[in-house]
Amino acid sequence: MNPSDTIVACATPAGYSSIAVIRVSGEQAISLLQEIFRTAESTTELQAQHVYYGSVVDPETGETIDAVLATAFRRPHSYTGEDVVELSCHGNPLIVDRIVRTLIELGARTARRGEFTKRALLNGKIDLLQAEAVLDTVYATCEQARKLALLQYEGKLSEMIYELRSKIVDILFLVEAEIDFPDEEDVLYDQVEFSAKLEAIITEIDDLLRGASTGLKIKEGYRILILGRTNVGKSTLFNRLLGHDRAIVHEQPGTTRDFLEESAQIGGIYVRLFDTAGIFGKATGPDAIAQQRTKSLIEDADLILLMFDGSESMNEEDVLLYDSVKYKPKLLLVNKIDLNLKLADERVLSDSIKISAKTGKNIASLLDRVKCILLPNELKDQVLITRHRHIDILNRARKYLIDAKNAPTIETVAYELHSALNEIGELTGKVFRKEIIDRIFEEFCIGK
Ligand code: GDP
């Protein structure tokens, strides 16, 4: 990647749309615009951050390609920190390709995946945590994930990490002073104070790591399993929660032979919903395989919706299922309350939500309960970690800090603290590891 190249790409999805946005960034961005853009005003004096209406022309023939809106941003006041031009043209691939090709013929080159954001990183407009947040914003699957990504993009997580870093630097300063001037009268380094300070930093890291499991779930989706014996109404509930008929519903038992998985949003939370085969107890052949799959789904579930048919008495299979998820996070549901209630089991009756998957009765209360269980505390400005990369780095930094606390010599303390700082630096990109950065930007789309 040559930072002096001027890059171009369409920032909107390929295909037909009312508008498409073409982005250009680099030293030549504005002069290229001047070559292809005609407007009522002179293009030699285009003001930055002003939107101009005009047309893009073929510079060789003078032929008009499209009517567009053009905006120029001058460095460093742009997304990438370089001169940037954005052209909004009509969203036809023919038009987009023609404009991009014209710009390439004039000297620009096609941008690589995430190259605009990578330039923003390299030019110090954002750090690596914020660059990752750009990606998370584009791909956020629910409201909560969007909120988290925005906080991270605004630099809230970076602030916490920089603070953590500066606390370690402060300690290291004292440690190195002790190494350099061991006989100094004014003793700056105090072992007890040192341990307490390190302990406080480790606690902060622990808090971040604790929140990470919620952060990951918000991003990757909570796994909700609908469980119950055959014909209790699992597929009907599955379809109702999805808002469309995905699973086959039939009075004939055993319609769902294997599990189905779909994504949905419940109260702004991204969930992965599983409709399982309603077979429990003795099974052979495909049923035995389906049963095994249901068992592993139970293991991994964040929440189980265990359904009973309210219009029938509990049977052996119901009891077996009830016992198999005794220690799992679950909600008991008594379904078919639009029919006469025959279910009499007190354990189930006293502790369940009574619903009708068919008519929709009490589904809203069920959704409220699910939301409360998955995310008991509404996320306000809480910063959460949402990536395995961050978790791994923090775990490594934590280990170095613990080793620093228990180090036999002051020189080893300094070494461990340096190693911890190195790790923390990788989080924000202050410590630059090319292969990590390249891997992160490979996830981006072209034009971002
Ligand atoms: P599954 O085998 O547990 O997935 O059950 P299904 O969703 O396939 O439903 C079995 C039968 O029960 C179908 O005939 C459904 O229409 C019916 N059913 C499901 N939920 C309700 C309900 O709330 N009330 C009534 N009356 N029937 C229901």
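The values are calculated or read from the model by the stated rules, or taken from the named source; none is laboratory data. Small disclaimer: the values here were computed from a predicted structure and weren't measured. When we count neighbours, we look across all protein chains shown, and the Cβ atoms used for this are built from the backbone with ideal geometry, even at glycine. Keep in mind that these areas ignore ligands, DNA and RNA; they rest on the heavy atoms of the full protein, side chains included. Shrake-Rupley method; radii C 1.70, N 1.55, O 1.52, S 1.80 Å.
Some notes on this structure:
- Taken over segment 437-448, the criterion of being hydrophobic (A, V, I, L, M, F, W, C) and within 18 Å of the chain's Cα centre (by Cα) is satisfied by ILE437, ILE440, PHE441, PHE444, CYS445.
- Among the residues listed as LEU225, LEU237, LEU260, the single one being more than 8 Å from the ligand (Cβ to nearest atom), at pLDDT 90 or above and not β-branched (Val, Ile, Thr): LEU225
- Test set (1) away from the ligand (no atom under 16 Å from the Cβ); (2) touching a Leu at 6+ places or on another chain (Cβ under 7 Å); (3) open to solvent by less than 30 Å² (accessible area, probe 1.4 Å); (4) under 30 Å from ILE304 (Cα atoms) - LYS147 fails condition number: (3)
- A search for C-beta distances below 7 Å between a residue of segment 235-246 that is open to solvent by 30 Å² or more (accessible area, probe 1.4 Å) and of a type in the set (D, E, K, R) and any residue that is at pLDDT 90 or above and not in a loop (DSSP other than H, G, I, E, B), counting only pairs 6+ apart in sequence or on different chains, returns ARG240/ILE363; ASP245/ASN239; ARG246/PHE238; ARG246/ASN239; ARG246/GLU262.
- Some residue of segment 274-286 being within 15 Å of the ligand (Cβ to nearest atom) and assigned to a helix (DSSP H, G or I): no
- Residue within segment 287-294 that is assigned to a strand (DSSP E or B) and within 13 Å of the ligand (Cβ to nearest atom) present: no
- From GLU193, GLU199, GLU163, residue being more than 16 Å from the ligand (Cβ to nearest atom), in contact with a helix residue (DSSP H, G or I) (Cβ under 8 Å, 6 or more places away or on another chain) and either of a type in the set (A, V, I, L, M) or open to solvent by 40 Å² or more (accessible area, probe 1.4 Å) (or both): GLU199
- Qualifying residue in segment 278-301 (condition: touching an Asp or Glu at 6+ places or on another chain (Cβ under 7 Å), surrounded by 15 or more Cβ atoms within 10 Å (Cβ to Cβ) and at pLDDT 90 or above): no
- Selected residue (criterion: surrounded by the fewest Cβ atoms within 10 Å (Cβ to Cβ)) from residues of segment 434-448 that are among the basic types (Lys, Arg) and either modelled with pLDDT of 95 or more or part of a helix (DSSP H, G or I) (or both): LYS434
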